[in-house]
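Participant: Got a structure for you, written out below as structure tokens; questions coming shortly.
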Amino acid sequence: MTTISLPHSRLPRSVYVSRSIARHWLAIFLVLFGVFNFLPFLAPVFMRLDWKPAGNAIYTLYSPLCHQMAQRSFFFFGSQVMYNADELPVELNGNQASDTWTLRRFRGNEEVGWKVAWSDRMVYLYGGVWLAAIAYAFLTRNRRIKPISLWLFALLLLPILVDGATHFISDLDGLTNGFRYDNAWLATLTGHLLPDSFYVGDTLGSFNSLMRLITGLLVGIAGMWLALPYIDSQMREVDRSLSGKLQQWQENQWRLAKELTSVIEGHSLPNEQEVGYAGNQT
């Protein structure tokens, strides 16, 4: 018995692609979001190599996502990893709006280096998202993880709201004049046990820098631990649905091929001798 193979339709190809995306969505996310996280660090590299159109393009691309103020950003190829506002070669006038714009526009130079295309808080926040997704991928190999509760998510979100709100209020008196710049209140609470560099400014190792690290990571991790289990559950459902459609399509193809084979074999054409004899009779 000869089996007829039917030509493949377009449906299975699209379903296979969609199912593959549903099955590997987390790996796809990690790659794309990894590139998204990596590009801001290329901006200072491009500026150092004098590829300034490429570097400036990255700064411009990421500017809607971050204030990019220089005193709260990492620097490459300079004498320090981070600088306080009064250590940067910019002129500040004490006006919060104009100083913010000045520090935002300053991208670096050959002396102090070139800043990363977003602030340290964004590095920690988006880095936390990426690291949490990697951890989730490993932890869910053999078991399912439930999303955190909304109450826990709100609790983990609270520190960044407090930190951001107090910075905003403090900056209204000037970026270098507010209570979050010198943190005299904290020095008093701790009895000045730590060096002045911990209390004053925004450089790496300062209280402000430490708070941006903690709050950024908390938000990134909390957001992923709330969202990823839900997304994972939906993608698994999509995978099951598309797998069912593919199985049904394959069964239909097999049944149609079998029926077509039976029809052809039941109505076979006459052989050559019969055709020749009929021709002679004519």
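Table: residues versus (1) of a type in the set (A, V, I, L, M); (2) modelled with pLDDT under 90; (3) within 20 Å of the chain's Cα centre (by Cα).
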{"site": "MET1", "(1), (2), (3)": "yes, yes, no"}
{"site": "ARG10", "(1), (2), (3)": "no, yes, no"}
{"site": "ARG13", "(1), (2), (3)": "no, yes, no"}
{"site": "VAL31", "(1), (2), (3)": "yes, no, yes"}
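Participant: In the list ASP202, ASP239, which residue meets the criterion of being farther than 14 Å from ILE160 by Cβ, crowded, with 20+ Cβ neighbours inside 10 Å and touching a residue at least 12 places away in the same chain (Cβ under 8 Å)? Steps first, please.
Facilitator: On the way: ASP239 fails: crowded, with 20+ Cβ neighbours inside 10 Å.
Going through ASP202, ASP239 in turn, the sole match is ASP202.
Participant: Of all residues being surrounded by 17 or more Cβ atoms within 10 Å (Cβ to Cβ) and aliphatic (A, V, I, L, M) in segment 43-59, which is nearest to PHE77 (Cα to Cα)? Just the residue, please.
Facilitator: MET47
Participant: Same structure, new question: Let me spell it out: the conditions are (1) surrounded by 12 or more Cβ atoms within 10 Å (Cβ to Cβ); (2) in a helix (DSSP H, G or I); (3) touching a helix residue (DSSP H, G or I) at 6+ places or on another chain (Cβ under 7 Å), and SER233 meets all of them except one. Which number is the exception?
Facilitator: With respect to (1) surrounded by 12 or more Cβ atoms within 10 Å (Cβ to Cβ); (2) in a helix (DSSP H, G or I); (3) touching a helix residue (DSSP H, G or I) at 6+ places or on another chain (Cβ under 7 Å), SER233 is out only on (3).
Participant: Sticking with this structure for a sec: For segment 183-197, enumerate the residues that are outside any helix (DSSP H, G or I) and within 21 Å of ARG121 (Cα to Cα).
Facilitator: Answer for segment 183-197, where residues must be outside any helix (DSSP H, G or I) and within 21 Å of ARG121 (Cα to Cα): just ASN183.
The values are calculated or read from the model by the stated rules, or taken from the named source; none is laboratory data. Treat the numbers as computed from the prediction; the structure is a model and nothing was measured. When we count neighbours, we look across all protein chains shown, and the Cβ atoms used for this are built from the backbone with ideal geometry, even at glycine.
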